[in-house]
Amino acid sequence: MTSNTRSRLAIFAALALLMAATRMNHFGLVPDASWAVFALGGFYLAGSVRWAFPALMVLAVAVDYVVITGTGASFWSHYCVSPGYWMLLPAHFALWAAGAGLRRFGQDKPLRQLAGLAPAVLLGVAVCHLFAQGGFYWLSDAVANPTVAGWAKNYADWFMPYLGTTALYVGLAVLVHVLVKLVSRAGAASAGKLAG
């Protein structure tokens, strides 16, 4: 197994663990990191989209299944699992695409990537929310009389909380990324001095 493969698997495992640990309660004390996980997956695992994205989607559905059935409710008749639930597929892929786009945008230019981070997160969350919230609003039975005005208000009411949570986790990931890079450079410089 190559070093690159090990790194990808380690990143995937960390993202999967983060999502599994936080998705259990969408509005709990520790907010759901799912949206950030898909954006970070797109950034770090862009070349592994064929297996990593479906695996994270399966995990998301599995966690939802465990949480819903754990309350004694039927997964298939739960109000969250309407035809709109399946709009999470393009919703989460929008975040993945935002992360992958950011990676390509500043290939080997960290400052350029940092400059593109906020617009990428904003656009990814906006499109994700359009699919996720729109799918629930228009395709579920939870809204008795859907209207464009009602949909727009619902979209606006929930947009900032989802953007804030996603930005929080992505910001923490940036800090971890910078720390790992600094430690790695310090280790390489130290090894270079010892070899010289």
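The values are calculated or read from the model by the stated rules, or taken from the named source; none is laboratory data. Nothing here was measured: the structure is a model prediction, and the numbers come from that model. Neighbour counts run over all protein chains shown; Cβ positions are idealised from the backbone, glycine included. All accessible areas refer to the heavy atoms of the entire protein, side chains included, with ligands and DNA or RNA removed. Shrake-Rupley method; radii C 1.70, N 1.55, O 1.52, S 1.80 Å.
With contacts taken as Cα pairs under 8 Å and at least 6 residues apart, the range 17-107 reaches a relative contact order of 40 percent.
Using a 1.4 Å probe and counting only protein heavy atoms, arrange 8, 23, 50, 104 so the residue with the most accessible area comes first. Display every interim value, and only then the final one.
On the way: 8 65, 23 10, 50 220, 104 160 Å².
Accessible-area ranking of 8, 23, 50, 104, largest first: 50, 104, 8, 23.
On full extension, the segment bounded by residue 29 and residue 160 gains 45.4 nm, given 0.36 nm per residue less the C-alpha separation.
Need the full-extension length gain, residue 75 to residue 141, defined as separation in residues times 0.36 nm minus the C-alpha distance. One decimal, nm.
Values: separation 66, 0.36 × 66 = 23.76 nm, distance 1.54 nm.
Using 0.36 nm per residue and subtracting the Cα-Cα distance, I get 22.2 nm.
Per-residue Karplus couplings for the range 4-13, computed as 6.51 cos²θ - 1.76 cosθ + 1.60 with θ equal to phi - 60°, are listed in order as 5, 5, 4, 4, 4, 5, 5, 5, 4, 4 Hz, Gly and Pro entered as x. The candidates 65, 79, 155, 162, arranged from most to least accessible area with a 1.4 Å probe in the full protein assembly, appear as 79, 65, 162, 155.
Leaving out ligands and nucleic acids, and using a 1.4 Å probe, what accessible area per residue does the chain come to in Å²?
Numbers: 11370 Å² over 196 residues.
Value returned for the chain: 58 Å² of accessible area per residue.
Electrostatic bookkeeping for residue 23 treats Lys and Arg as +1 and Asp and Glu as -1; over the other residues with beta carbon under 11 Å from its beta carbon, the sum is -2. Taking all protein chains as shown and a probe of 1.4 angstrom, residue 3 keeps an accessible surface of around 80 Å². For residue 115 and residue 61, the FRET efficiency from 1/(1 + (r/R0)^6), where r spans their Cβ atoms and R0 equals 45 Å, is about 0.80.
Extension gain for residue 184 to residue 104 (0.36 nm times residue separation, less C-alpha to C-alpha distance): 26.5 nm. Comparing 107, 31, 167 along the charge dipole axis of the chain, the residue lying farthest to the positive side is 107, per the Cβ-charge model. Among 87, 160, 57, the largest mean-square fluctuation in a Gaussian network model of the chain, built with springs joining Cα atoms closer than 10 Å, belongs to 160.
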